[in-house]
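Here is the structure we will look at, set down as structure tokens.
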Amino acid sequence: MTRAIVIGAGVVGCSTAWSLARAGLDVVIVERAPRVGMGSTSASSAIVRMHYSTFEGVAVAWEAKQAWEDWPAHLGVVDEAGMARYIETGILMLDSPGFDASRVLALYDRFGIPYEVLSAAAICNRFPYLTPDRFWPPRAVDDDRFGDPPDGEIGGFYTPQAGFVDDPTLAAHNLWAAATAAGAVTEYRAEVAEIFHTAGGVGGVRLADGRELAADVVVNVAGPHSAAINRLAGVLDDFAISTRPLRQEVHQVAGPPELGGQVGVSVGDGDLGTYFRFTPGGGVLVGSQEPDCDELEYLDDPDANNINPTVAGFERQTLRVARRMPSIGIPNRPTGLAAAYDVTEDWIPIFDRTSLDGYFVAIGTSGNQFKNSPVIGSLMTAIITDALAGGDHDARPVTWTAPRTGSVVDLSHYSRLRSPNAASSNSVLG
Ligand SMILES: Cc1cc2nc3c(=O)[nH]c(=O)nc-3n(C[C@H](O)[C@H](O)[C@H](O)COP(=O)(O)OP(=O)(O)OC[C@H]3O[C@@H](n4cnc5c(N)ncnc54)[C@H](O)[C@@H]3O)c2cc1C
């Protein structure tokens, strides 16, 4: 039986382990933390939306969304820890010069994804707690012009079938439960310290506690630690696209009182440089779309990340969201979290084989792949089984057919050898 080690028990690692175990591989998940989903996954805003700037991005998100809607049936197990829930809120993408909506809507038309283009007046009508004021360009809060009056109004497009998953860590646990039911085993508090080779390719991993685990297949799904793991494998030079950890803060504020604790629409607000979505209790999570006026905080060492939200980050994001929802309450001290994304140059992930036979990567998820996690394992399994059967994905790319929606995706889209994809939004929107 082919032995596979999956490094990392985040939502993508658990999906990969599940799919490989179902394909008949003997799978060990190796996780340095004591539990599932403690990396980027635990901090995820878990927004599920279909708008990506490429055909492949939309195809995979549209397929994954069907899985979220049908989560217990998709997994085929009931996790006794509980099941994550998909909450459909719709998402409103506000117009901004930095976001090419027409490209996304042309892709929506190809897939038959429902949407509505809304004028400023329609936004006021539909979502009275939002203002359609135009503030462009996003500014730093200490910029003298931050509080300038709005300069006209904006519209946007609304995708009714988008939403969020209420508990991303539990979703990872659900995938882990499915992987376990399919035969995968997990080693916790097991930190990969070395990746050893044999004459034929990868040989397995050595753990920090000295244990050695042999394998025919090793998959790097280490989130923000992906580059460190690639360094251990000795394959960094094999990549035309690199991955880097980028610090992120997500803040929490009370929702608009007029909603009375109800969950409102999720919003992508390129006009102010933020995104936000409600929580099941009616609060609001606010994250960043990394506007040009904000300095990006790339980390040399993801373990050296300050995991507390900062006053500066809190002010930046909450004051921006308060411009969009003027009636929200802003707490007087930072509430929220800080974590890191694993980002590529074009904000599209790398799902690929490598020049080291048997060593694969599902990395560089760039702040936008939680939503796709139900199906990423299946994409990885297609690439891995092709390689095990003697295929050469670099020369003859594997295609993947989405089981529910029928799209055919050329997986070279995610190649480590690509030039940065010119169609990408080059942002967390992918
Ligand atoms: C603040 C934030 C908001 C986000 N919002 C969204 C969103 O709204 N929608 C969306 O689609 N995506 C979102 N994302 C992105 C999404 O959460 C990630 O793409 C996804 O969680 C990545 O999962 P993963 O399993 O690849 O990595 P991780 O969850 O980071 O898991 C990697 C695991 O590897 C383990 N590991 C690392 N090194 C080693 C080692 N040496 N040995 C053993 N184990 C190791 C870690 O402990 C960790 O558990 C967001 C991410 C962040 C940070």
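Listed here are the strands (runs of 3 or more DSSP E) enclosed by the stretch 1-101 that have at least 1 residues being touching a Phe, Trp or Tyr at 6+ places or on another chain (Cβ under 8 Å) and more than 14 Å from the ligand (Cβ to nearest atom): 91-94. Scanning the stretch 19-47 for residues that are among the aliphatic types (A, V, I, L, M) and either closer than 24 Å to Gly204 by Cβ or modelled with pLDDT under 95 (or both) yields Leu20, Ala21, Ala23, Leu25, Val27, Val28, Ile29, Val30, Ala33, Val36, Met38. When the residues of the stretch 295-323 are filtered to those that are part of a helix (DSSP H, G or I) and surrounded by fewer than 21 Cβ atoms within 10 Å (Cβ to Cβ), which remaining residue is nearest to the chain's Cα centre (by Cα)? The extreme case among them is Asp303. Residues that are closer than 26 Å to Val58 by Cβ, assigned to a loop (DSSP other than H, G, I, E, B) and out of contact with any Pro (no Cβ under 8 Å at 6 or more places or on another chain) within the stretch 137-163 comprise just one, Ala162. Taking the criterion of being assigned to a loop (DSSP other than H, G, I, E, B), more than 9 Å from the ligand (Cβ to nearest atom) and hydroxyl-bearing (Ser, Thr, Tyr), the residues of the stretch 350-365 that qualify are Thr354, Ser355.
Let me confirm something: among Gly261, Gly234, which residue is out of contact with any Pro (no Cβ under 7 Å at 6 or more places or on another chain), more than 10 Å from the ligand (Cβ to nearest atom) and at pLDDT below 95? Exactly one residue qualifies, and that residue is Gly261.
Taking the criterion of being part of a loop (DSSP other than H, G, I, E, B) and within 23 Å of the chain's Cα centre (by Cα), the residues of the stretch 388-407 that qualify are Val398, Ala402, Pro403, Arg404, Thr405, Gly406, Ser407.
One line per residue, one yes/no per condition, for (1) under 24 Å from Trp176 (Cβ atoms); (2) outside any strand (DSSP E or B); (3) within 11 Å of the ligand (Cβ to nearest atom):
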residue: Ile348; (1), (2), (3): no, yes, no
residue: Gly367; (1), (2), (3): yes, yes, yes
residue: Asp386; (1), (2), (3): no, yes, no
residue: Val409; (1), (2), (3): no, no, no
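Residue by residue, here is whether (1) closer than 17 Å to Ala81 by Cα; (2) within 16 Å of the ligand (Cβ to nearest atom); (3) not assigned by TED's automatic domain parsing to the domain that holds Ala228 holds:
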| site | (1), (2), (3) |
| --- | --- |
| Thr131 | no, no, yes |
| Asp144 | no, no, yes |
| Asp151 | no, no, yes |
| Gly155 | no, no, yes |
| Asn174 | yes, yes, no |
| Ala184 | no, yes, no |
| Glu187 | no, yes, no |
| Glu191 | no, yes, no |
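For the stretch 108-136, the set of residues classified as surrounded by fewer than 16 Cβ atoms within 10 Å (Cβ to Cβ), assigned to a loop (DSSP other than H, G, I, E, B) and under 26 Å from the mean Cα position of the chain (by Cα) consists of Gly112, Pro114, listed by residue number.
In the stretch 221-231, what residues are buried (at least 19 other Cβ atoms within 10 Å of the Cβ) and near the ligand (Cβ under 9 Å from one of its atoms)? Of everything in the stretch 221-231, those that are buried (at least 19 other Cβ atoms within 10 Å of the Cβ) and near the ligand (Cβ under 9 Å from one of its atoms) turn out to be Val221, Ala222, Gly223, Pro224, His225, Ser226, Ile229.
The values are calculated or read from the model by the stated rules, or taken from the named source; none is laboratory data. Keep in mind it's a predicted model, so treat the numbers as computed, not measured. Glycine gets a Cβ as well: all are built from the backbone with ideal geometry, and neighbour counts include every protein chain shown.
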